[in-house]
Amino acid sequence: MRDEQEFIDLLYGRLAELRAEAEGAVREVLPVGGSGHQARLEREVLVAERSGLLAAFNAGESGLCFGRLAFRDGRDHHIGRIGMRRDDPERTPLVVDWRAEVARPFYLATGHTPMGLRRRRHITTEGRRVTGLHDELMDLTDTERTGYEGSDADAVLLASLDAARTGRMHDIVQTIQAEQDRIIRAPHHGILVVEGGPGTGKTVVALHRAAYLLYAHRELLARRAVLIVGPNPAFLGYIAEVLPSLGETGVLLATPGDLFPGVTATGTDTARAAEVKGSAAMADALARFVRDR
C-alpha cells in the first residue's frame, strides 16, 4: 500500500506542475499585443489549447490513477483518467491514459487470455489517499504474493455498484467490462447503434465511446466538434459530469428543441401528435422529406 501511496503523491505533484505550466502559458499569452487577424487567431488557438489542458488536469484530480498492469516481459504501467509523462529527456510515461492501446488488457485480460499480463491491480482511492488494492493473478505460475490477491475478480465491480448514488451519472472508467470495451473502441466507420433494454448502460457506454473517439481521432473531431443530443434538459443535467470527469470538456450538449441556431422550441405536442411523431412510420416520412430537400 505504501508504494502505491508514494506513487500517487508523485503523480499529484506532477499534475500540479503541469497545471501551473498551463496556467502560466495562458497568463503570458493573454496580454500579448498585436491587432492583426493572424496574431489574434494564434493567440486564441493557444489560449484554447492551454485552457483545454487545464480542464483535463482539473478533471483528473479525482481518481487520477486506478490501475496497474504488470506484464510478463517486465513492463509495468499505471492506468489513469489522463496520460502524464515525467519531466525528463525521454518523456517517460508516469500514467497511461485509459484509452491507450497498452491499457486495453486492464479491461479485457482473463486467466484464459492474459494478453501478456502477469497480474492486474485495481487501485481504490478517496481523494489523494489510497484506500484499497486488489490484485488479480493472470499468470498462475507466478509465485510472488503481495497480500492483496483476491479470489473474487468482480470485487471492484460489486463495490462500484454498491457505491452511494448522487443523482448524477458517473463514469465507469474503472470497471468497463469486456463487451462494453468492444463497443467503446469499435472502429470509426460511421454510425454505430447501441441497443439494449432500460438500465443496461447504453448511455454511459456511448459517452465513453465519445471520449475514446476524441482521443483516437482528436484532430478530426476537434475541427468538427462533438454534439450530444438528449431528450430534455433534465437528462442532459444527469449525464453532464461524465465527459468532464474523463478530461473532455469541449463537447456540446443540446436537446432537439435547441438544435436550430437562435431558436428554442417551447411548444408541447398534443397526445395524438406525440403518438404520430413517435411512430415507426415517421422515420419513413422523414427519410422521404430529406431526399426531397
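Quick look at the values:
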quantity	calculated
Difference of contour (0.36 nm per residue) and Cα-Cα distance, Glu149 to Leu108	12.9 nm
Largest-first ordering by accessible area, 1.4 Å probe, given options Glu241, Glu90	Glu90, Glu241
By accessible area with a 1.4 Å probe, ligands and nucleic acids excluded, highest first: order of Ser62, Ser245	Ser62, Ser245
Three-way shape label, region 250-293, alpha-carbon gyration tensor, a/c 1.5	oblate
Full-stretch length increase - Leu236, Gln5 - with 0.36 nm per residue and alpha-carbon distance subtracted	79.6 nm
Where a label projected 7 Å from the Cα of Leu220 along Cα→Cβ would reach, residues of region 70-113 with amide N under 20 Å	99-102
Mean accessible surface per residue for the chain, computed with a 1.4 Å probe while every protein chain stays in place, in Å²	60
Theoretical FRET efficiency, 1/(1+(r/R0)^6), r = Cβ-Cβ of Met115 and Phe260, R0 45 Å, to 0.05	0.40
Karplus-derived 3J(HN,Hα), 6.51/-1.76/1.60, for each residue of region 180-185, Hz, glycine and proline x	5, 4, 5, 6, 4, 9
Val130 accessible area, 1.4 Å probe, all protein chains in place, Å² to nearest 10	10
Area of Asp284 that stays accessible when all protein chains are in place (1.4 Å probe, Å², to 10)	90
Anisotropy class of region 74-139 from Cα gyration tensor, a/c 1.5 cut	oblate
Sulfur and carbon atoms: percent of accessible area, the chain [1.4 Å]	55
Inter-label distance for Leu252 and Thr268, nm, one decimal - labels placed 7 Å from Cα along Cα-to-Cβ	2.8
Cα shape, the chain, gyration tensor, a/c 1.5 rule	oblate
Neighbourhood charge, 12 Å Cβ-Cβ cut-off, centred on Thr143 and excluding it, Lys, Arg +1 and Asp, Glu -1	-1
Rounded to the nearest 10 Å², the accessible area of Thr125 at probe 1.4 Å	40
The chain: relative contact order in percent, alpha carbon pairs under 8 Å with at least 6 residues between	15
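The values are calculated or read from the model by the stated rules, or taken from the named source; none is laboratory data. This structure is a prediction, so every number in the text was calculated from the model and none was measured. Here the Cβ is made from the backbone with ideal geometry for all residues, glycine too, and neighbour counts use every protein chain on show. Accessible surface is based on the protein model in full, side chains and every heavy atom, while ligands, DNA and RNA are left aside. Shrake-Rupley method; radii C 1.70, N 1.55, O 1.52, S 1.80 Å.
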